[in-house]
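The values are calculated or read from the model by the stated rules, or taken from the named source; none is laboratory data. The shown structure was predicted, so the numbers you read here are calculated from the model rather than taken from an experiment. Positions of Cβ are backbone-derived with ideal geometry, glycine not excepted, and every protein chain shown enters the neighbour counts. Ligands, DNA and RNA are excluded from the accessible area calculation, which covers all protein heavy atoms including side chains. Shrake-Rupley method; radii C 1.70, N 1.55, O 1.52, S 1.80 Å.
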Amino acid sequence: MPTFKAIRIDKAPEGQKGTVASWCYFDEAGLMDGDVTVRVTHSTVNYKDGLAITGKSPVVRRFPMIPGIDFAGEVEASSSGEFKPGDKVVLTGWGVGETHLGGYARKARVPASMLVPLPDGLSAAQAMAIGTAGFTAMLCVLALEDFGLTPDAGPAIVTGAAGGVGSVAVALLKKAGWHVIASTGRASEADYLKGLGADEIIYRAELSEPGRPLGKERWAAGVDAVGSHTLANLLAQTKYRGAIAACGLAQGMDLPSSVAPFILRGVSLLGIDSVMCPKPERIAAWQRLAQDMDLAKLAAMTTHVPFDQVMDTARDILDGKVRGRVVVDID
Ligand code: NDP
C-alpha cells in the first residue's frame with residue numbers, strides 16, 4: 001500500500017502521561033472509512049490544533065490520530081454521487097483531527113456528508129485562510145442576524161480580536177455595516193485591527209477581570225472567542241435586548257456571570273458550535289463567506305507556513321503569538 005507524509009499523534013509510552021506528536025509516512029490502508037478520498041492541498045492551524053499537537057487538552061480521542069481539524073483539496077477518488085474526481089472541496093469540524101483522521105496529511109478519506117464544495121470565488125488556499133475559525137466567525141454573525149439584530153441597534157464588539165475567529169469577525173461585521181469595537185490584549189495590533197475594519201480598539205484588561213452584574217450599556221451585539229470574565233462583562237454591558245454570540249474559551253471555560261443581564265435587560269446569549277453544524281447551514285455560511293469576505297483583508301490577516309512548520313506554529317498559537325489566520329501549505 002502507498003504511504004503519504006503526515007503528522008500522527010499517539011498515546012505516550014507506557015508509564016507516561018499524555019500524547020506524542022511525530023512525523024510519519026502513514027500507510028494508506030490505515031485511513032478510516034469514507035466514500036471520498038481527498039488530495040489535501042491546504043490545512044490551517046487553529047487553537048484546537050494547538051491543543052491536539054501539544055497534548056495540552058485531551059481533544060484527540062482516537063489513536064493513532066492525524067491531527068488537523070480542517071482541510072481543503074481536490075477529490076482523488078469517490079464512490080459518492082455527490083463528488084467526482086477533480087472536484088474542489090472544503091472540510092471543517094465533524095471531529096476530524098479528533099476522532100476521524102485529519103488534515104495534516106497529503107491524503108484524507110471522509111464520508112461525503114462531511115464535505116462542502118469549494119464555493120465559487122474562493123481558492124483552496126483562501127478557503128483555508130478562512131478555515132474553521134473564519135467559518136465560526138461567520139456562524140456568529142449569521143446567528144446575530146437571525147436573532148434580528150441590525151447595525152442600527154448599536155455597536156458590535158469582538159473579543160480576542162487579533163486571533164483567527166476575531167480577525168474574520170471584525171472584517172465580516174464591518175462589511176455588514178456595523179460599528180465594530182475590537183477588544184485585544186495586543187496594543188501593537190491596533191493598526192492591524194483598524195485595517196480589518198475596527199472603528200474602536202479597547203484593551204483586553206478592561207473586560208477580563210471580575211466585573212459587576214450590570215454595567216453601562218455599550219454594545220448591541222458581540223462575537224466572543226474568549227469566555228470567562230470577558231464574556232460575563234460583555235453580557236453585563238450589552239444593550240437592552242441585545243445578544244452575544246459565544247464561540248470560544250481563550251480565557252477560560254467558566255462563565256462567572258449572573259442572571260441580571262438576561263432578566264433585567266432581555267439580553268440573549270447565542271451558543272455557536274461549528275463542529276456539528278448541519279450541512280445546509282454550512283453551505284449557506286460558505287456561500288456568504290465567498291460573497292462577503294474581502295479578499296484583500298483576508299490576505300492581510302493570513303500567514304502561510306510550510307507543512308514542516310506546523311508543530312512550531314501549534315505551540316505559538318497556544319502562547320498567543322499568532323495573529324489572524326495561518327494556512328498550512330500541505331502540497
Ligand atoms: P486564536 O488563538 O487565533 O485567537 C484567540 C485570541 O484570544 C488570541 O489571539 C487573543 O486575542 C485572545 N486571548 C488569548 N488568550 C487570552 C486570555 N487569556 N484572555 C483573553 N483573551 C485571550 O484562536 P481562534 O481564533 O482559532 O479560536 C478562538 C477560540 O474560539 C478558541 O477558544 C477556540 O477553541 C474557539 N473556537 C470555537 C469554535 C466553535 O465551534 N465553537 C470553532 C473555532 C474556534 P488578542 O491578542 O486580540 O487579545
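Can you give the accessible area of V60, probe radius 1.4 Å, in Å² rounded to 10?
20 Å²
If you roll a 1.4 angstrom probe over the protein chains with everything in place, what fraction of the accessible area of segment 131-271 belongs to carbon and sulfur, to the nearest %?
On the way: 2900 of 5430 Å².
That share works out to 53 percent.
Can you tell me how much longer the chain between A205 and T150 gets when fully stretched, taken as 0.36 nm per residue apart minus their C-alpha distance, in nm with one decimal?
17.0 nm
Please find, in a Gaussian network model of the chain (springs between Cα atoms separated by less than 10 Å), the residue of D120, D35, D292 whose mean-square fluctuation is greatest.
Most flexible of the set in this elastic network: D120.
Reachable aspartates and glutamates from K84, Cα under 13 Å, same-chain residues fewer than 8 places away excluded?
D35, E74, E76
Run the accessible area of segment 52-104 with a 1.4 Å probe and give the carbon-and-sulfur part as a rounded percent. Before the final figure, lay out each step's value.
Details: 950 of 1890 Å².
About 51 percent, which is the carbon plus sulfur part of the accessible surface.
What does the charge add up to near T99, with Lys and Arg as +1, Asp and Glu as -1, over the other residues with Cβ less than 9 Å from its Cβ?
Numbers: positive: R61, R62; negative: E98.
With Lys, Arg at +1 and Asp, Glu at -1, the neighbours total +1.
Between segment 57-126 and segment 258-331, what is the separation of their alpha carbon centroids in Å?
Going from one Cα centre to the other spans 17 Å.
When all C-alpha to C-alpha distances in segment 81-180 are sorted into bins of 5 Å, what percent of pairs does each bin hold, rounded to whole numbers?
Spelled out per bin, shortest first, that is 2, 11, 19, 20, 17, 13, 10, 6, 2, 0.
Before I look further, what does the chain give for accessible area per residue, probe 1.4 Å, in whole square angstrom?
For the chain, the per-residue accessible area is 41 Å².
Here are some pairs, K107/K174; K194/K239; K297/K321; which of them have Cα atoms lying more than 26 Å apart in this structure?
Cα-Cα > 26 Å for K107/K174; rest within.
Under a GNM of the chain (C-alpha, springs under 10 Å), which listed residue has the highest mean-square fluctuation: A72, A182, A232?
Of A72, A182, A232, the Gaussian network model singles out A232 as fluctuating most.
Connecting C-alpha atoms closer than 10 Å in a GNM of the chain, tell me which of S183, S208, S22 has the biggest fluctuation.
Most flexible of the set in this elastic network: S22.
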